[in-house]
Amino acid sequence: MNAEFLAKSAARERRKDQDMKFFLPTKAYEEKNCVINHAAELAALGKKALVVTGRSSAVKCGAQADVEAALSKCGVSWVTFNKVEENPSVTTVMEGAKLGMAEGCDFVIGIGGGSPMDAAKAMALMMKHPQWGIGMLFTAGQDNSAVPMAMIPTTCGTGSEVTPASVLTDHEAGKKGGIPYKLFADLALIDSTYLGKAPLSVLRNTAVDALSHLIESYCNALADDYSRMFVREGLRFWAMNKAALKGEKEITAEDLETLAHASVLGGMAIAHTSTSLPHGLSYTLTFDMGIPHGVACGRFQKGFLDAAPEEDRKEVLALLGFESTDELWDMYVKICEVIDIPAEILEKAVDSAVKGGRLATAGFELTPEGARTVAGL
Ligand code: NAP
Ligand code: FE
């Protein structure tokens, strides 16, 4: 049934009445040893790098050593800021940018999951605008220019290395969300070897985030055949990892490559469409309850797909090799820790997503009541 459906859907891929746009200014390399292989391009970004990482994973996974070897080889110096926390705060961004400016850094290298990469992007923005204060991070309508930057992912979820987004938390204002700037990295260096030391929970949580990007991009108001090309390929690769993610087989180097690839494709897809309601709902769960980003987004995938047009739901499920959204939910429950979420938190999540304009991002009509259904209320 899947093969038959896919054959049919291929025939209607190009919708002639649609305007389309493709824009992705990031040069991306996806290969083993790519940091060393492309050392000269990395070093050409500037004279002194601000290397931005989380607390320890950049060292553990070997990415930081590769960056240092690459920069040393090319005679470029650096200073390291290794204090980025999960769901990075605006104050961390200001602290890192201040260090970069005090040390005379003229470019930024982010190494890590989405947290260090997003923080690094925002630091590159602030280093370009030394006169800006912290309040500018969430102020819309400003200049998007930033100092040059390279991103090196060490998880398989956010795709931040190829997206224009930077998601920050403002504890004082009590909110988490994307800042209103388009911050594309100049260079993305993707080496799945760095996933080798990641605990299974990190691989699972971040893979579910990548799946959310793919689903939310597919069922998106801005989806076109370009963005769906990335989604279709991403879903196909994501599906290859189901057994490994469920723990039914050992995770091999090839599985890590596939996971990294699906994540990058998800990033390329949302670079065009942005995300939609599940991400909009997720931020409250993460902010109020500390639920990891991927787990928070994944919780709403089934509801979102159930609300989507049948044709779209069918194609997404077919590419994933699921017969129904119940099977998708079963997979989620198997690989993510599902905890009870109080109704008032879900109501708050819906309220914030509606106020944040998330209903209009769906590629189908979604009312506030429909958003409550997606949220499981
Ligand atoms: P993360 O918050 O960057 O990292 C989660 C944990 O995984 C940290 O403890 C980290 O340790 C560890 N870790 C990372 N790489 C590892 C490795 N290779 N081996 C072992 N441990 C590793 O996780 P994430 O899910 O990638 O990023 C989530 C953030 O990205 C959220 O703030 C989310 O909103 C944002 N996001 C951004 C975009 C975008 O387009 N910009 C899209 C989706 C989500 P360390 O602290 O030691 O590094
Ligand atoms: Fe995400």
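Listed values, structure above:
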| item | result |
| --- | --- |
| Farthest toward positive dipole pole in the chain [+1 Lys/Arg, -1 Asp/Glu at C-beta], among A223, F287, A39 | A39 |
| Peptides ranked, highest mean first, by Cβ atoms within 10 Å: ranges 287-293, 103-109 | 103-109, 287-293 |
| Accessible surface, the stretch 31-162, averaged per residue in Å² (probe 1.4 Å) | 37 Å² |
| Highest-fluctuation residue, P309, P164, P116 considered, GNM on the chain with Cα pairs under 10 Å | P309 |
| Dipole magnitude (debye, nearest 20) for the stretch 224-320, charges at Cβ of Lys, Arg, Asp, Glu | 200 debye |
| Amide H contacts of K175 (H built 1.01 Å from N, under 5 Å, at least 5 apart or other chain) | D170 |
| Distant-in-sequence amide H partners of A188 (H built 1.01 Å from N, under 5 Å) | K27, A28, Y29, M151 |
| Spherically averaged projected area in nm², based on the convex hull that wraps the Cα atoms of the stretch 215-352 | 8.4 nm² |
| Fraction of beta bridges assigned by DSSP in the chain that are antiparallel (%, nearest 5) | 20 percent |
| Net length gained if the chain between K182 and E311 were fully extended (0.36 nm per residue, minus Cα distance) | 43.3 nm |
| Heavy-atom surface of the stretch 224-377, accessible at 1.4 Å and reported per residue (Å²) | 40 Å² |
| Net length gained if the chain between E337 and M136 were fully extended (0.36 nm per residue, minus Cα distance) | 68.8 nm |
| Accessible carbon and sulfur surface of the chain relative to its total accessible area, %, 1.4 Å | 53 percent |
| Principal axis dimensions, the chain - Cα atoms, whole angstrom, descending | 57, 43, 43 |
| Rounded to the nearest 20 debye, dipole of the stretch 15-155 from Cβ charges on Lys, Arg, Asp, Glu | 100 debye |
| Rounded to whole Å, sorted largest first: equivalent-ellipsoid semi-axes of the stretch 29-78, Cα gyration tensor | 17, 14, 9 |
| Cα-centre dipole for the chain with unit charges at Cβ (Lys and Arg positive, Asp and Glu negative), debye to 20 | 640 debye |
| Gain in span if fully extended, A173 to T91, counting 0.36 nm per residue against the direct Cα distance | 28.3 nm |
| Percent breakdown of C-alpha pair distances by 5 Å bin, ordered from the shortest bin, for the stretch 109-170 | 4, 19, 30, 23, 16, 7, 1, 0 |
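The values are calculated or read from the model by the stated rules, or taken from the named source; none is laboratory data. Predicted model only: the values in this text are computed from it and were never measured. No Cβ is skipped: glycine too gets one built from the backbone with ideal geometry, and neighbour counts run over all protein chains shown. Remember, those area values only see protein heavy atoms, side chains included, never the ligands or the DNA or RNA. Shrake-Rupley method; radii C 1.70, N 1.55, O 1.52, S 1.80 Å.
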